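Encoded as structure tokens, the structure appears first; notes follow it.
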């Protein structure tokens, strides 16, 4: 019989503290850019505060809901279908293929693919747990995951990687045989290759990471067609510029940091200082202890999420907790590896820390579901 757990105050307080810390760092990282572009250093932080208010409401709402209400076909399939429809709509009518503009606000539909897919995975795996290796389980699941992944990857490759990684974790823990992963890996790599090659800037990021001076590429492509293709769709002269500036920021911070609000790299040296590369600003201003503190926050989420996986009273709660935990932690790990130049740039925010309303709302509603498992099991 499953153990009964109390509401997880450690997880709750960790999430709230990380959101509050994120607002402080967003203001620090964005104030100079906001002053130059919009005439007010408070431009970005005021917008972020509005999203924090909405996201915390969603967080509290989902935390208080009984997660078992989502164990229905309509909740498993409808959000996935709506997300795919929104992604397709944005692709055909949107100028940037990422954003859906609603008055003064903009939404990034790919962010909401994460909670939608997590609910689907929890529902589907729970229904088919005793026949997880049956073709009648694998084929429908693969179809849904592939549809969501392909819809997302058109505009947001990083989020698509998070979705696929989360799905792999859930199915692996559920007992899917390794031979199916061995079959899926070559196909996934092939699709990833075409997704990367279809966008010059994506290919440029990969090349910048593995062969920045084009020494290998030039040998394989003496006519320089690949380099011309990359340059034709790149908005930056040097794809290594961002990772280089991020490493300079982190190196400048040392152990104790240069002090809050004292970053020099955010003064137009480090692009996307308040979004994808905000972890570099944390490292520069707060040093090793600040960077480690952020990482420790995500480790606490991983710890408490896995704990809920073990203690949840039913299979749906177990796999819901696992899916949410995997999605948040994988995204955080991807962002941090990019900032530390341990992986190619992907354009993916740091959950709860980076500026961005869609990411914050998606993350906090997902974490609300995670806490709901604790609330209802207690």
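Structure data summary
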{"item": "Members of the stretch 266-300 that are closer than 16 Å to residue 326 by Cβ and either out of contact with any helix residue (DSSP H, G or I) (no Cβ under 8 Å at 6 or more places or on another chain) or crowded, with 24+ Cβ neighbours inside 10 Å (or both)", "result": "299"}
{"item": "Output for the stretch 357-378, where each listed residue is at pLDDT below 90 and buried (at least 24 other Cβ atoms within 10 Å of the Cβ)", "result": "374"}
{"item": "Complete set of residues in the stretch 301-341 that are outside any helix (DSSP H, G or I) and surrounded by 21 or more Cβ atoms within 10 Å (Cβ to Cβ)", "result": "312"}
{"item": "Residues of the stretch 73-95 that turn out to be within 16 Å of residue 141 (Cα to Cα) and surrounded by 12 or more Cβ atoms within 10 Å (Cβ to Cβ), as a count", "result": "8"}
{"item": "Residue identified as more than 30 Å from residue 126 (Cβ to Cβ) and touching a strand residue (DSSP E or B) at 6+ places or on another chain (Cβ under 9 Å) among 259, 283, 357", "result": "357"}
{"item": "Test: residue in the stretch 199-210 that is in a loop (DSSP other than H, G, I, E, B) and either without any contact (Cβ under 8 Å) to a residue 60 or more places away in the chain or under 15 Å from residue 323 (Cα atoms) (or both)", "result": "yes"}
{"item": "Those residues of the stretch 213-227 which are under 20 Å from residue 241 (Cβ atoms) and loosely packed, with under 14 Cβ neighbours inside 10 Å, in sequence order", "result": "213, 215"}
{"item": "Pair list, Cβ under 6 Å, 6 or more apart: the stretch 167-193 residue within 24 Å of residue 123 (Cβ to Cβ), other residue part of a helix (DSSP H, G or I) and at pLDDT below 90", "result": "167/145"}
{"item": "Lone qualifier among 293, 297 - being outside any loop (DSSP other than H, G, I, E, B), modelled with pLDDT of 90 or more and under 30 Å from residue 206 (Cβ atoms)", "result": "297"}
{"item": "Criterion (surrounded by 12 or more Cβ atoms within 10 Å (Cβ to Cβ), in a helix (DSSP H, G or I) and over 24 Å from the mean Cα position of the chain (by Cα)) met by exactly one of 37, 68", "result": "68"}
{"item": "Lone unmet requirement of (1) surrounded by fewer than 17 Cβ atoms within 10 Å (Cβ to Cβ); (2) touching a helix residue (DSSP H, G or I) at 6+ places or on another chain (Cβ under 6 Å) for residue 160", "result": "(1)"}
{"item": "Residue among 190, 203 that alone is modelled with pLDDT under 95 and out of contact with any helix residue (DSSP H, G or I) (no Cβ under 7 Å at 6 or more places or on another chain)", "result": "190"}
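The values are calculated or read from the model by the stated rules, or taken from the named source; none is laboratory data. Keep in mind the model is a prediction, meaning the values are calculated, not measured. Reconstructed Cβ throughout: ideal geometry from the backbone, glycine too, with neighbour counts over all protein chains shown.
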